[in-house]
Amino acid sequence: MTMSNILEGTNEIINPDTYFQINSQPRTLPDNEIKVKEFVNKHDNAGRRIVLITSGGTTVPIENNTVRFLDNFSAGTRGATSAEYPFYLQPFSRHYTHSTNCFLDYMELKDDDNIEVNPKYSQKMKSVLKKYQKVKQEDTLLLLNFVTLSDYLFLLRSVTQIMTCLKERAMYYLAAAVSDFFIPSQKMVQHKIQSAEGGLTLSMDQVPKFLKPLVTNWVPEGFIVSFKLETDPSLLVSKSRQALTKYGHQIVIGNLLTTRKLEVVFITKDSEFNLKLSEQEVKDDVEIESKIIPELVKKHDEWIKNAEMK
Ligand code: PMT
């Protein structure tokens with residue numbers, strides 16, 4: 001490195017297995033694996049179905065002692081919202097975490113020792129709370145966090161391996177916006193890149209597509225739904241179908257960055273159809289996930305039935 005900071009990448013795409021060999025597993029992985037095993041065993045014994053929902057973006061560090069990282073746009077809304085519909089819930093903190101919808105606005109200071117819910121919001125909060133408490137009581141939701149690409153990939157591999165025992169009863173709903181580029185640890189500088197050395201040119205390696213081993217080896221009997229995000233409407237259907245053909249799983253849901261909360265396209269081996277919110281539904285705060293999830297539940301039913309007939 002002379003005039004400027006240059007982090008070099010390569011055009012060669014590594015094998016998914018190699019990714020796990022050259023990166024160290026996150027410290028939190030063993031604890032998460034224990035939680036997942038307990039959760040899966042409990043619900044497997046009760047004959048229930050389990051859905052793995054991945055959601056949100058992944059960061060990629062550009063320094064080993066990370067000060068800086070690259071992130072993406074995903075807020076994780078798709079996954080958080082979708083998690084509520086299989087149970088017909090309206091709960092969870094997402095309803096109170098936006099700056100326009102801060103949970104503090106729902107509270108009032110009654111006196112020096114007590115706070116209470118503002119009566120204006122109590123009806124809505126009551127219904128969210130009731131459903132949330134039901135989920136807690138029945139222990140039907142397990143939340144696992146990831147931040148970096150590596151956190152995500154190690155967790156994905158572990159959780160899918162644990163869920164293999166569910167066979168067709170497992171659904172994998174892959175809505176996370178996973179980084180396509182990264183800098184392998186051994187190519188990353190150790191310490192904070194010094195701005196005094198000039199501008200920064202980044203060249204990154206390609207992240208292998210983990211959908212391939214997931215579909216073919218990790219959970220071949222599972223019902224797998226992946227998402228395809230595009231910004232150019234003319235590419236959406238063709239790229240979604242291409243993904244379905246390439247990986248050979250059950251459904252690709254295509255969405256455009258700007259309209260993802262209003263409209264999606266379902267691509268299956270022998271069908272293609274749109275799910276869309278009407279103007280009235282938008283006014284009524286209907287969420288597109290309320291249409292996506294029942295459709296997937298129907299298709300998952302068929303998947304299980306077909307497997308039973310074999
Ligand atoms: O979170 P929100 O703000 O609500 O936005 C929701 C969403 C737009 C992020 C979501 O609906 C969505 O489209 N998620 C997938 C976005 C995406 O990154 O698509 P992709 O074309 O990069 O990847 C397609 C599929 O390949 C994904 O299912 C992903 O799990 C998988 N993939 C991606 C990268 C990688 N290295 N390996 C993979 O297997």
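The values are calculated or read from the model by the stated rules, or taken from the named source; none is laboratory data. Small disclaimer: the values here were computed from a predicted structure and weren't measured. Don't worry about glycine lacking a Cβ; one is built from the backbone with ideal geometry, like all the others, and counts go over all protein chains shown. Note: areas computed on protein heavy atoms with side chains; ligands, DNA, RNA excluded. Shrake-Rupley method; radii C 1.70, N 1.55, O 1.52, S 1.80 Å.
When the residues of the range 272-296 are filtered to those that are part of a loop (DSSP other than H, G, I, E, B) and within 13 Å of the ligand (Cβ to nearest atom), which remaining residue is nearest to residue 237 (Cα to Cα)?
288
Return the total of residues in the range 130-151 being in a helix (DSSP H, G or I) and in contact (Cβ under 8 Å) with a residue 60 or more places away in the chain.
The total comes to 3.
Determine whether the range 98-112 contains at least one residue that is in contact with a Phe, Trp or Tyr (Cβ under 9 Å, 6 or more places away or on another chain), assigned to a loop (DSSP other than H, G, I, E, B) and either open to solvent by less than 90 Å² (accessible area, probe 1.4 Å) or of a type in the set (Lys, Arg) (or both).
yes
Identify all residues within the range 201-214 that are open to solvent by 80 Å² or more (accessible area, probe 1.4 Å) and out of contact with any Asp or Glu (no Cβ under 9 Å at 6 or more places or on another chain); write none if there are none.
Of everything in the range 201-214, just one residue is open to solvent by 80 Å² or more (accessible area, probe 1.4 Å) and out of contact with any Asp or Glu (no Cβ under 9 Å at 6 or more places or on another chain), namely 212.
Exactly one of these conditions fails for residue 53: (1) at pLDDT 95 or above; (2) in contact with a helix residue (DSSP H, G or I) (Cβ under 9 Å, 6 or more places away or on another chain); (3) in a helix (DSSP H, G or I). Give me its number.
All conditions pass for residue 53, except number (3).
What number of residues within the range 200-211 are within 16 Å of the ligand (Cβ to nearest atom) and either in contact with a helix residue (DSSP H, G or I) (Cβ under 6 Å, 6 or more places away or on another chain) or closer than 21 Å to residue 66 by Cβ (or both)?
Number of matching residues: 7.
When you go through 127, 158 one by one, which is the residue that is touching a residue at least 40 places away in the same chain (Cβ under 8 Å), among the small types (Gly, Ala, Ser) and open to solvent by less than 50 Å² (accessible area, probe 1.4 Å)?
158
I'm trying to understand the selection: among the residues of the range 162-199, which are more than 16 Å from the ligand (Cβ to nearest atom) and open to solvent by 80 Å² or more (accessible area, probe 1.4 Å)?
Result: 167, 186, 190, 191, 192, 194, 195, 196, 197.
The conditions are (1) more than 17 Å from residue 51 (Cβ to Cβ); (2) in contact with a strand residue (DSSP E or B) (Cβ under 7 Å, 6 or more places away or on another chain), and residue 129 fails exactly one of them. Which is it?
Failing condition for residue 129: (2).
Condition test on residue 176, is it in contact (Cβ under 8 Å) with a residue 12 or more places away in the chain and out of contact with any Pro (no Cβ under 6 Å at 6 or more places or on another chain)?
Here the answer is yes, as residue 176 does meet what is asked.
Counting only residues that are more than 7 Å from the ligand (Cβ to nearest atom) and surrounded by 20 or more Cβ atoms within 10 Å (Cβ to Cβ), which one in the range 66-83 is farthest from residue 229 (Cα to Cα)?
83
Under 7 Å between Cβ atoms, at least 6 apart or on separate chains: pull out the pairs that start in the range 245-271 with a residue that is within 11 Å of the ligand (Cβ to nearest atom) and at pLDDT 95 or above and end on any residue that is open to solvent by less than 60 Å² (accessible area, probe 1.4 Å) and in a loop (DSSP other than H, G, I, E, B).
As it stands, the answer is 261/288; 264/288, since those pairs meet every condition given.
Taking the condition under 28 Å from residue 60 (Cβ atoms) and surrounded by fewer than 17 Cβ atoms within 10 Å (Cβ to Cβ), does residue 244 pass?
Spelling it out, it is not the case that residue 244 is under 28 Å from residue 60 (Cβ atoms) and surrounded by fewer than 17 Cβ atoms within 10 Å (Cβ to Cβ).
Pairs under 6 Å by beta carbon, first residue within 23 Å of residue 191 (Cβ to Cβ) in the range 54-70, partner among the acidic types (Asp, Glu) and open to solvent by 50 Å² or more (accessible area, probe 1.4 Å), six or more apart or different chains?
Partner pairs satisfying both residue conditions: 59/71.
Applying the selection to the range 287-300, what residues are touching a Leu at 6+ places or on another chain (Cβ under 7 Å) and open to solvent by 50 Å² or more (accessible area, probe 1.4 Å)?
291
Can you report the number of residues in the range 13-40 which are in a loop (DSSP other than H, G, I, E, B) and either at pLDDT below 95 or closer than 15 Å to residue 185 by Cβ (or both)?
Total meeting the criteria: 8.
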